[in-house]
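Encoded as structure tokens, the structure appears first; notes follow it.
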Amino acid sequence: MAGSDSGGGAGIQADLKTMLALGTHGMSVVTAVTAQNSLGVQGVWELPVEAVRAQYRSVVDDIGVGAVKTGMLSSAELVEAVAELIAGTDAPVVVDPVGVSKHGDPLLAASALDSVRTRLLPAATVATPNLDEVAQLTGVRVESERDLRQAAAAVLAYGPRWVLIKGGHLPGDAVDLLTDGSEEHWLRAPRHDNRHTHGTGCTLASAIAAQLAKGRTVPEAVAAAKEYVTGAIAAGFALGGGIGPVDHGWRLGRARGLTPPDAPGV
């Protein structure tokens, strides 16, 4: 459940590519349509709540789901409708509380923040905020790795079972903290010298959902997702004149002997 990214690097497009790459069948509930590319977001059009609800019911009532992932939900009305839908679904839920795009464009109305805090986060099996989203939701500003515990506690106070605080905006290695308030898992990966990282948050959340759908525990799912997205970042490639996307098919590309720039736009 997310917005459509016309550039193909984030949102629903990133979700479906990730799920396919990880051996699961992705289905989509489009919440908004964006006009965006490697340079930024040029326009956003929110879908009616009735359209979002109808897409969800169509998929869940016929096919069923092994896990749910939420992304861009731009208004309080959408957040509350989605929270109601997933609360009635017996499947793990990954909530990516998308606030801004990679380019700094706002994707969540300020009026929707309370709904995210009080309706969406309590329904989450795992919430995956980055540091900007932590600040937006809780007021906690992370300046160093030692602040990640405080950030996690502040998000957990809103009710998700687990929270993954993504520390990718900090200097040094990419370090994330996964915790349920008692159990802690620190995940580290080397930082790759590649600015083409559009879609990392969507990709990570979708990878976690795919692993949960396979029956993995939350710590197992997050560790596997971290490994996948680290490889996708390393293989990220330059498309357009700005920030290009991660390579969702990096394992497939290497297996075929291709490099990302060989992949044509479709």
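Residue under question is Arg188, and the condition is that it be out of contact with any Pro (no Cβ under 7 Å at 6 or more places or on another chain), in a loop (DSSP other than H, G, I, E, B), among the basic types (Lys, Arg) and over 22 Å from Tyr158 (Cβ atoms); does it hold? It would help to see each step written out before you state the result.
On the way: out of contact with any Pro (no Cβ under 7 Å at 6 or more places or on another chain): yes; in a loop (DSSP other than H, G, I, E, B): no; among the basic types (Lys, Arg): yes; over 22 Å from Tyr158 (Cβ atoms): yes.
No.
Out of all the residues in segment 99-115, is one or more in contact (Cβ under 8 Å) with a residue 40 or more places away in the chain, at negative phi and in contact with a helix residue (DSSP H, G or I) (Cβ under 6 Å, 6 or more places away or on another chain)?
no
For the structure I just gave you, tell me whether Ala153 is out of contact with any strand residue (DSSP E or B) (no Cβ under 7 Å at 6 or more places or on another chain), over 22 Å from Leu85 (Cα atoms) and part of a helix (DSSP H, G or I). Talk me through it step by step, then tell me what you get.
Working: out of contact with any strand residue (DSSP E or B) (no Cβ under 7 Å at 6 or more places or on another chain): yes; over 22 Å from Leu85 (Cα atoms): yes; part of a helix (DSSP H, G or I): yes.
Here the answer is yes, as Ala153 does meet what is asked.
What number of residues within segment 230-239 are surrounded by 17 or more Cβ atoms within 10 Å (Cβ to Cβ) and in a loop (DSSP other than H, G, I, E, B)?
Going through segment 230-239 one residue at a time, the tally reaches 4.
How many of the residues making up segment 38-60 are touching a residue at least 60 places away in the same chain (Cβ under 8 Å) and either buried (at least 20 other Cβ atoms within 10 Å of the Cβ) or touching a strand residue (DSSP E or B) at 6+ places or on another chain (Cβ under 6 Å) (or both)?
If we filter segment 38-60 for residues that are touching a residue at least 60 places away in the same chain (Cβ under 8 Å), which is where we start, we get 38-41, 44.
Checking which are either buried (at least 20 other Cβ atoms within 10 Å of the Cβ) or touching a strand residue (DSSP E or B) at 6+ places or on another chain (Cβ under 6 Å) (or both) leaves us with 41, 44.
Matching residues across segment 38-60 total 2.
Conditions first: (1) without any contact (Cβ under 8 Å) to a residue 24 or more places away in the chain; (2) more than 23 Å from Ala112 (Cα to Cα). Val140 passes all but one, so which condition is the exception?
(2)
Would it be correct to say that Pro122 is at pLDDT 95 or above and surrounded by fewer than 16 Cβ atoms within 10 Å (Cβ to Cβ)? Quick ask: steps written out before the conclusion?
Values: at pLDDT 95 or above: yes; surrounded by fewer than 16 Cβ atoms within 10 Å (Cβ to Cβ): yes.
Criteria met by Pro122.
Suppose we keep only residues that are part of a loop (DSSP other than H, G, I, E, B) and touching a Leu at 6+ places or on another chain (Cβ under 9 Å) within segment 8-37. Which one would you say is surrounded by the fewest Cβ atoms within 10 Å (Cβ to Cβ)? Even if it seems obvious, please write down each step before you answer.
Of the residues in segment 8-37, the ones part of a loop (DSSP other than H, G, I, E, B) are 8-10, 22-29.
Filter once more, keeping what is touching a Leu at 6+ places or on another chain (Cβ under 9 Å): 8-9, 26-29.
Values: Gly8: 20, Gly9: 29, Gly26: 18, Met27: 18, Ser28: 16, Val29: 24.
For segment 8-37, the residue satisfying everything is Ser28.
So for segment 56-76 (the condition being modelled with pLDDT under 95 and assigned to a helix (DSSP H, G or I)), does at least one residue qualify?
Yes; the residues of segment 56-76 include at least one that is modelled with pLDDT under 95 and assigned to a helix (DSSP H, G or I).
Suppose the filter is surrounded by 21 or more Cβ atoms within 10 Å (Cβ to Cβ), touching a strand residue (DSSP E or B) at 6+ places or on another chain (Cβ under 9 Å), among the aliphatic types (A, V, I, L, M) and more than 28 Å from Lys214 (Cβ to Cβ); does Leu108 pass it?
Yes; evaluated as a whole, the condition is true for this residue.
Of Gly40, Gly26, which residue is modelled with pLDDT under 95 and either farther than 17 Å from Tyr228 by Cβ or among the small types (Gly, Ala, Ser) (or both)? Lay out the reasoning, then the answer.
Values: Gly26 fails: modelled with pLDDT under 95.
Exactly one of Gly40, Gly26 is modelled with pLDDT under 95 and either farther than 17 Å from Tyr228 by Cβ or among the small types (Gly, Ala, Ser) (or both), namely Gly40.
Identify, by number, the condition in (1) assigned to a loop (DSSP other than H, G, I, E, B); (2) farther than 30 Å from Gly236 by Cα that Ala83 doesn't meet.
(1)
Output the residues belonging to segment 192-229 that are buried (at least 21 other Cβ atoms within 10 Å of the Cβ), out of contact with any Ser or Thr (no Cβ under 9 Å at 6 or more places or on another chain) and not small (Gly, Ala, Ser).
Thr200, Lys226
Table: residues versus (1) closer than 18 Å to Gly8 by Cβ; (2) modelled with pLDDT of 95 or more.
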| site | (1), (2) |
| --- | --- |
| Pro171 | no, no |
| Leu178 | no, yes |
| Gly215 | no, yes |
| Glu220 | no, yes |
| Gly253 | yes, no |
| Asp262 | yes, no |
| Val266 | yes, no |
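The values are calculated or read from the model by the stated rules, or taken from the named source; none is laboratory data. This is a predicted model, so every value here is computed, not measured. Backbone-built Cβ (ideal geometry, glycine too); neighbour counts: all protein chains shown.
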